[in-house]
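Just below is one structure, and these are the notes that go with it.
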Amino acid sequence: MDGKVVAIMTQQSQTVIAQQEVPVILKLADVDTLTVKAQISEADVIRVHPGQMAYFTILSDPDKRYYGKLRAIEPAAQNFGDSASSGNSGPRSNAAVFYAALFDVPNTNQLLRISMTAQTHIVLDTAQHALIIPVAALGERSADGTYPVRAVMRDGSVNTRTVHTGIGNDVR
């Protein structure tokens, strides 16, 4: 395999014995492309699927976004089959349940490192040239699914308009 040595597991002159398991001497990695393993909560996993756009930021450069497309959502929870799960093969009952979403990002300049903490975002939907208003500005929902909204006009008067909502995030 072509790659960089990312960890040396044995020291010079250390005795290596292969009985039950093959000993690991060193670890190689191809760091030109990194795979992000994002945690998706069980409440959100049904809205996520391969092909969606995803991006992340890192702590040392929160203004730079690194983009990729989801290539897989692992079917079992991350803690599925843990030995600490009361002897059964299901997830622990008192732990949060997360699923891994995988996507690859190019790392041509080698700035990104293995095991970095990342704030990951998955794009569920987009809208172009859309008006954004706070959910608190919406009135009571009518039977036809529209909402009354009070709008301040250029002359300072207040008008009530009826609007159809589109994409929402419980805040806007």
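Here is a yes/no grid of residues against (1) among the β-branched types (Val, Ile, Thr); (2) modelled with pLDDT of 90 or more; (3) in a strand (DSSP E or B):
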site: LEU102; (1), (2), (3): no, yes, yes
site: SER115; (1), (2), (3): no, no, no
site: HIS121; (1), (2), (3): no, yes, yes
site: LEU124; (1), (2), (3): no, yes, no
site: PRO148; (1), (2), (3): no, yes, yes
site: ARG154; (1), (2), (3): no, yes, no
site: ASN159; (1), (2), (3): no, yes, yes
site: THR162; (1), (2), (3): yes, yes, yes
site: GLY168; (1), (2), (3): no, no, no
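For region 126-141, what are the residues that are outside any helix (DSSP H, G or I) and either open to solvent by 70 Å² or more (accessible area, probe 1.4 Å) or aromatic (Phe, Trp, Tyr) (or both)? Steps first, please.
Within region 126-141, the first condition is being outside any helix (DSSP H, G or I), and the residues that meet it are 126-134, 138-141.
Across region 126-141, the qualifying residues are THR126, GLN128, HIS129, LEU131, ILE132, PRO134, GLU140, ARG141.
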What strands (runs of 3 or more DSSP E) completely inside region 30-74 contain at least 1 residues that are modelled with pLDDT of 95 or more and in contact with a strand residue (DSSP E or B) (Cβ under 8 Å, 6 or more places away or on another chain)? 53-58, 61-73
Hey, PHE98 within 29 Å of ASP32 (Cα to Cα), at pLDDT 95 or above and either among the aromatic types (Phe, Trp, Tyr) or out of contact with any strand residue (DSSP E or B) (no Cβ under 9 Å at 6 or more places or on another chain) (or both) or not: no
Flagged pairs (Cβ under 8 angstrom, 6 or more apart or on separate chains; first in region 85-113, under 22 Å from ARG47 (Cβ atoms) and surrounded by fewer than 16 Cβ atoms within 10 Å (Cβ to Cβ); second modelled with pLDDT of 90 or more and among the hydrophobic types (A, V, I, L, M, F, W, C)) are ASP104/LEU34; ASP104/VAL36
Within region 96-141, the count of residues that are touching a Gly at 6+ places or on another chain (Cβ under 8 Å), of a type in the set (D, E, K, R) and farther than 22 Å from PHE56 by Cβ comes to 0
Any residue that is closer than 30 Å to TYR66 by Cα and among the β-branched types (Val, Ile, Thr) - is there at least one of those in region 139-149? no
Any idea how many residues of region 34-59 are within 18 Å of ILE114 (Cα to Cα) and open to solvent by less than 70 Å² (accessible area, probe 1.4 Å)? 7
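I need the full set of residues from region 142-156 which are open to solvent by less than 100 Å² (accessible area, probe 1.4 Å), touching a strand residue (DSSP E or B) at 6+ places or on another chain (Cβ under 7 Å) and farther than 17 Å from GLY168 by Cα, in order please.
Kept after step one, since they are open to solvent by less than 100 Å² (accessible area, probe 1.4 Å), are these residues of region 142-156: 142, 145-149, 151, 153, 156.
Next, from what is left, pick out any that are touching a strand residue (DSSP E or B) at 6+ places or on another chain (Cβ under 7 Å): 146-149, 151, 153.
Once the filter is applied, which keeps residues that are open to solvent by less than 100 Å² (accessible area, probe 1.4 Å), touching a strand residue (DSSP E or B) at 6+ places or on another chain (Cβ under 7 Å) and farther than 17 Å from GLY168 by Cα, region 142-156 yields ALA151, MET153.
The values are calculated or read from the model by the stated rules, or taken from the named source; none is laboratory data. Just so it is clear, the structure is predicted and the values come from calculations on it, not from any experiment. Reconstructed Cβ throughout: ideal geometry from the backbone, glycine too, with neighbour counts over all protein chains shown. Just the protein is used for accessible areas: all its heavy atoms, side chains included, with ligands, DNA and RNA removed. Shrake-Rupley method; radii C 1.70, N 1.55, O 1.52, S 1.80 Å.
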